[in-house]
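The values are calculated or read from the model by the stated rules, or taken from the named source; none is laboratory data. Worth saying up front: this structure is predicted, and the values here are computed from it rather than measured. Every residue, glycine as well, gets a Cβ built from its backbone with ideal geometry; the counts of neighbours run over all protein chains shown. Side chains included, ligands, DNA and RNA excluded: accessible areas come from the protein's heavy atoms. Shrake-Rupley method; radii C 1.70, N 1.55, O 1.52, S 1.80 Å.
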Amino acid sequence: MPEEYWDEIRGIGKLYVEEELIVGIEPVLFVCVDDKNNRYLVMTYDSYNGIYIYRKIEADELLDMLENRNTMEHTFRLGKRIYKTFIEENSNILGVEEYDSQTFSGSMLPDVGEYYEIHSEYIQKYIEKLRGCKINQR
């Protein structure tokens, strides 16, 4: 498991960073896994206030985004639910609010019509890894 993780998210536990997809000063769009190997697509909205947007995602949905078959915003809305974290008062635990993916505020997601555009070597290696995961799921 990777070293980087969030200690505690209410209802999930620890999340480990599997791959950083877009990095600025900090990771902006990344993929995490939990202790049960569930995969999550996560976007930083406001790290200072502990606000991250995420959804549970399957390897094939992630591949569709990384290989430009779906936009980033559409990929978030493909699942039934989108989750938003917040820092719980007097605690180190990130609380979670759950939303219907179709009615979740577009202002907190990537812009409509925006495709994932990084095609570097490390992303290509990650795509190959995901293809392997997909084959193993059959």
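For segment 27-42, a tally of residues being within 17 Å of L109 (Cβ to Cβ) and either open to solvent by 20 Å² or more (accessible area, probe 1.4 Å) or free of Cβ contacts under 8 Å to residues at least 12 places away in the same chain (or both) returns 2.
Condition check ((1) more than 21 Å from I87 (Cβ to Cβ); (2) within 14 Å of the chain's Cα centre (by Cα); (3) at pLDDT 95 or above) across all residues:
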{"site": "V28", "(1), (2), (3)": "no, yes, no"}
{"site": "V33", "(1), (2), (3)": "yes, yes, no"}
{"site": "N37", "(1), (2), (3)": "yes, yes, no"}
{"site": "T44", "(1), (2), (3)": "no, yes, no"}
{"site": "N49", "(1), (2), (3)": "no, no, no"}
{"site": "Y52", "(1), (2), (3)": "no, yes, no"}
{"site": "I57", "(1), (2), (3)": "yes, yes, yes"}
{"site": "E61", "(1), (2), (3)": "yes, yes, yes"}
{"site": "E67", "(1), (2), (3)": "yes, no, yes"}
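Any idea which residue in segment 100-127 is modelled with the lowest pLDDT, counting only those that are part of a helix (DSSP H, G or I) and open to solvent by 60 Å² or more (accessible area, probe 1.4 Å)? So, considering only residues that are part of a helix (DSSP H, G or I) and open to solvent by 60 Å² or more (accessible area, probe 1.4 Å), the one modelled with the lowest pLDDT is Y122.
Are any residues in segment 72-99 crowded, with 19+ Cβ neighbours inside 10 Å and either part of a loop (DSSP other than H, G, I, E, B) or of a type in the set (S, T, N, Q) (or both), and if so, which ones? Within segment 72-99, T75, T85 qualify.
Among the conditions (1) under 22 Å from N37 (Cβ atoms); (2) of a type in the set (A, V, I, L, M); (3) touching a strand residue (DSSP E or B) at 6+ places or on another chain (Cβ under 7 Å); (4) outside any strand (DSSP E or B), L130 misses just one, which is (3).
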